[in-house]
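Visitor: Supplied in structure tokens, the structure appears directly below.
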Amino acid sequence: MVTQEGLAQLLVLAQVVGIIVAAWLLRRLVLRLIRRMSEAYNLPATSLPGGRRLVSLLINTAALLLILQRLGVSGTVLWTAFSGFVAVGAVAFFAAWSVLSNIFCTLLIFSTNPFRIGDRIEVLENGEKPGFKGRVTDINLIYTTLEELNTEAVATGTVLQVPNNMFFQRAVRRWR
């Protein structure tokens with residue numbers, strides 16, 4: 001004997017299967033239409049894979065959202081979760097990109113030796129403006145520490161911590 005709850009579950013299952021079949025048929029139909037249009041209008045073959053992927057992505061995403069809706073998941077909840085994940089991912093990517101850039105530039109500094117500890121260097125702002133200069137006292141994964149020098153090359157007692165990726169974005173003058 002089938003209960004009311006069992007019938008409701010069978011109905012949801014039938015609807016999910018119907019959505020999957022409809023999405024599969026729609027995808028085949030649209031891909032066939034794209035192929036015929038490309039033959040009729042002599043479109044370049046290189047444009048077809050991108051169009052096929054886009055159509056497949058849109059149809060599959062719509063089918064997934066319809067299935068989730070039939071299973072009782074709210075679209076508002078999905079959109080809120082998705083936008084939250086995207087925001088956190090963007091912030092994490094930006095933070096990681098900055099740190100990874102400095103670490104990679106540290107490896108380049110150690111492997112190419114544009115300067116060493118003890119060298120006097122100047123990081124130029126551009127061709128006309130003088131930059132900051134000093135004696136290299138330390139190179140770590142993120143920063144290079146410079147002991148600031150005045151015009152007579154005498155230490156002023158202050159230090160500058162320069163991000164390592166700055167040395168690959170500006171011109172560097174070196175005295176050994």
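Each value in this text was obtained by applying a stated rule to the coordinates, not by laboratory testing. Owing to the predicted nature of the structure, the values given are computational and were not obtained by experimental measurement. Neighbour counts run over all protein chains shown; Cβ positions are idealised from the backbone, glycine included.
Visitor: Provide, for q = 0.11 Å⁻¹, the log10 of I(q)/I(0) from a solvent-free Debye sum over equal Cα point scatterers in the chain.
Guide: -0.73
Visitor: So what is the 222 nm mean residue ellipticity for the chain from helices alone, if each DSSP H run of at least 4 adds -39500 (n - 2.57) and you divide by all residues, rounding to the nearest 500 deg cm²/dmol?
Guide: On the way: 3 runs with 98 residues, N = 176.
Taken over the chain, the calculation gives -20500 deg cm²/dmol.
Visitor: Turning to a different aspect of this structure: I'd like the FRET efficiency for Val91 and Thr3, computed as 1/(1 + (r/R0)^6) with the beta carbon distance as r and R0 of 35 Å, rounded to 0.05.
Guide: Working: r = 49 Å, r/R0 = 1.40.
The pair Val91/Thr3 has a calculated efficiency of 0.10.
Visitor: What size of dipole, in debye to the nearest 20, comes out for region 1-55 about its Cα centre when the only charges are +1 on Lys and Arg C-beta atoms and -1 on Asp and Glu C-beta atoms? Intermediate values should be presented prior to the final figure.
Guide: On the way: 7 positive and 2 negative charges, 78 e Å.
In total the dipole reaches around 380 debye.
Visitor: Between Glu39 and Thr61, what's the calculated FRET efficiency when r is the beta-carbon distance and R0 is 35 Å? Round to 0.05.
Guide: On the way: r = 27 Å, r/R0 = 0.79.
Efficiency computed from Cβ-Cβ geometry: 0.80.
Visitor: Under a crude label model (7 Å from the Cα following the beta-carbon direction), how far is Gln169 from Asn113 in nanometres?
Guide: Between Gln169 and Asn113, the simple spin-label model gives 2.8 nm.
Visitor: Pulled fully out, how much extra length does the chain show between Thr151 and Ala22, if you take 0.36 nm times their separation in residues and subtract their Cα-Cα distance? Please list the in-between numbers first.
Guide: Numbers: separation 129, 0.36 × 129 = 46.44 nm, distance 7.68 nm.
Net length gain for the segment: 38.8 nm.
Visitor: For a quick protection proxy, order the peptides 37-43, 117-123 by their average other-Cβ count within 10 Å, most packed first. Could the numbers behind the result be given before it?
Guide: On the way: 37-43: 10.1, 117-123: 16.4.
Descending packing order for the listed peptides: 117-123, 37-43.
Visitor: Now for a separate question. Using 0.36 nm per residue of separation minus the Cα-Cα distance, give me the extension gain between Leu124 and Leu100 in nm, one decimal.
Guide: Working: separation 24, 0.36 × 24 = 8.64 nm, distance 2.36 nm.
Full-extension gain reported as 6.3 nm.
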